[in-house]
1. Using the basic label-point model (7 angstrom from Cα toward the beta carbon), what is the Ala145 to Ser96 distance in nanometres?
2. Say the dipole of the chain comes from +1 at the beta carbon of Lys and Arg and -1 at that of Asp and Glu; which of Asn102, Ala112, Ala139 then lies farthest toward its positive end?
3. Could you tell me, in Å, what Rg and Dmax come out for the Cα atoms of the chain?
4. What does the charge dipole of the chain about its Cα centre add up to, to the nearest 20 debye, if the Cβ of each Lys and Arg holds +1 and the Cβ of each Asp and Glu holds -1?
5. What is the spin-label model distance, in nm, from Thr152 to Val198 if the labels are put 7 Å beyond Cα along the C-beta direction?
6. Principal axis lengths of the range 74-176 from Cα atoms, whole Å, largest first?
7. I want to check the label-to-label distance for Thr282 and Asp72. Put each point 7 Å from Cα in the C-beta direction and report it in nm to one decimal.
8. Lysine pairs in the chain with Cα distance under 15 Å, only those 8 or more apart or on different chains: how many are there?
Amino acid sequence: MATTTVRRRRAALAAGLATLTMVLGFAAGPAEAVAKINYYVALGDSYAAGQGAGPYLDGCFRSENAYSELADELKSVKFASNAACSGKTTQDVVNSQLGQLNRKTGLVTITAGGNNLGFGNLVSYCGAVAFGSTAAGPACQAASAYAEAQLTSGQLYADVLSMIQSVHAAAPNARIVVTGYPYLFDPIAGGRTDALAVFTYQATELANNLDGTIAAAATTAAIGGGINVDYVDVRKAFAGHGVLTPDPWINLGSPVLSDNFHPNAKGYQAYFTALSAAGAYTP
């Protein structure tokens, strides 16, 4: 019994000393500063604005669920603004969104390039064909031809590169992180000929070419231009959650028609997770 009492006293003494040490340590030493990324600004199109996830803050379809707004919850990030706006091209980013940037800006994320290919027309007309509308066939073909020309001619590559260079000029001390786009439909095995399968093949190829072009432009800016820029691929982050899956992270059938083929709140969480895993929000 005496041994047990001694052990209890020793344990109590040790706990008391530990508490005293912690109190004295906190009282005597200065509070440790938390490293922060100062002045984070998000730029881009609807996928950067947060369209598809609502609720919306303005006519640009900026959402409280946008990946940049999720980053605002981190202690490591001092969020400045989400300047992204639905429907914008890379040229629009340069012309209307760079006013948010300056030499103090520490991080810029960008999702842009899809509208350079006519994203809205592609999903509207070709999506209609996929779900049985033959009347939209000619418009779908025209939209597809336009997107293909932007890719094969090198125009999209030049536009994305120019955007990155312009962002760097406006925020020379910032790290720039450019994201890609997810697959709208999960990729499927080849060999099918039904309209929905054909559209899925086209959408998959388009996403691969779009993301590949954005990544190539970022690589050129980094290696050839010495710009602090990285590319983050989000396709794997959305795997298994495309349109028509049991748990889709891409909208379809939304009462707000323009929300269709945009990520929902879970989708923007996937964007945030991919950016975090790539170290975008690490000081």
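1. It works out to 2.9 nm between the two label points.
2. Asn102
3. Cα only, the chain: 24.2, 94 Å (Rg, Dmax).
4. 1540 debye
5. 1.8 nm
6. Largest to smallest, the principal-axis extents are 53, 31, 20 Å.
7. It is 2.6 nm.
8. Qualifying lysine pairs in the chain: 5.
Bear in mind that the values in this text are calculations on the coordinates, not laboratory data. Predicted, not measured: the structure shown is a model, and the values here were computed from it. For neighbour counting, all protein chains shown are included, and Cβ atoms are generated from backbone atoms with ideal geometry for every residue, glycine included.
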